[in-house]
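The block underneath contains the structure these notes are about, expressed in structure tokens.
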Amino acid sequence: MNLALPLFLGITAAAIGTLPPGLLNMTAAKVSMRDGRNRALWLAFGASIIVFFQTLLAVLFARFIDARADISAVLQEIGFVIFTILTVYFFWVAKKPKTNKKKEEVKMRSKTSRFFMGMLLSSLNLFPIPYYVFMSVTLASYNYFIFDSYFIYTFSFGTAIAAFLVFFGYISFFKGKQHNASFLSKNINHIIGSITGIVALITLFKMVFR
């Protein structure tokens, strides 16, 4: 077995799942602009630790699912319904974020508080769990994923590394570039809706031709 394979797969899967603008990415960028880069990095570090444990939990659950084809099929159908609802919501129901023209007061917060804030926000974000369940089961179906201890822990470590690097990218890119953050803030619903729509179509295709 290639010892680097689970690390590579974990980094790739997390990069794909974390790159789209989301709560954690935009929060890290906002903290960077308001409180400074160092505090934003502490937030990213705290969030990445939770990503490791979320991935670990997801893959352990996926190991059980992988042995049950009936459960896997049901999860695909549930996932299709959920992603379709999310697509409709983000395109036609959700309102555009309001832009506050008043200058916000800059309040510096400690590195420790930002670290635990990152852990809290990442814990509340439950999307990575079904995402990594889907990714690991799919990779296993193509014989790229092995449900043993080394593979699972290395894959989870890879997702944490990639998540931190993506957060770091957002922090660096938006530092001093308020107009970029404003553009994403105004179009965030359509961006997320497009992503969930693509996932829904892929899931439907797999259900029809399985």
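Could you check, for the range 59-80, whether at least one of its residues is modelled with pLDDT under 70, assigned to a loop (DSSP other than H, G, I, E, B) and acidic (Asp, Glu)?
no
Evaluate the range 96-108: report whether one residue or more is at pLDDT below 85 and surrounded by 15 or more Cβ atoms within 10 Å (Cβ to Cβ).
no
Just to be sure, is Tyr170 closer than 24 Å to Asp66 by Cβ, out of contact with any Lys or Arg (no Cβ under 9 Å at 6 or more places or on another chain) and not acidic (Asp, Glu)? I'd like the intermediate steps shown before the answer.
Details: closer than 24 Å to Asp66 by Cβ: no; out of contact with any Lys or Arg (no Cβ under 9 Å at 6 or more places or on another chain): yes; not acidic (Asp, Glu): yes.
When the stated conditions are applied, Tyr170 does not pass them.
Could you list all residues from the range 1-44 that are not in a helix (DSSP H, G or I) and not aliphatic (A, V, I, L, M)?
Answer for the range 1-44, where residues must be not in a helix (DSSP H, G or I) and not aliphatic (A, V, I, L, M): Asn2, Pro20, Pro21, Gly22, Gly36.
Residues Leu56, Leu7, Leu3, Leu23: which one is over 13 Å from Tyr170 (Cα atoms) and modelled with pLDDT under 80?
Criteria check complete, one pass: Leu3.
Tell me whether the range 127-145 contains one or more residues that are modelled with pLDDT of 85 or more, among the small types (Gly, Ala, Ser), surrounded by fewer than 16 Cβ atoms within 10 Å (Cβ to Cβ) and over 19 Å from the mean Cα position of the chain (by Cα).
Within the range 127-145, not a single residue is modelled with pLDDT of 85 or more, among the small types (Gly, Ala, Ser), surrounded by fewer than 16 Cβ atoms within 10 Å (Cβ to Cβ) and over 19 Å from the mean Cα position of the chain (by Cα).
The values are calculated or read from the model by the stated rules, or taken from the named source; none is laboratory data. This one's a predicted model, so the numbers in the text were calculated from it and none came from an experiment. Glycine also receives a Cβ, built like all others from the backbone with ideal geometry; neighbour counts cover every protein chain displayed.
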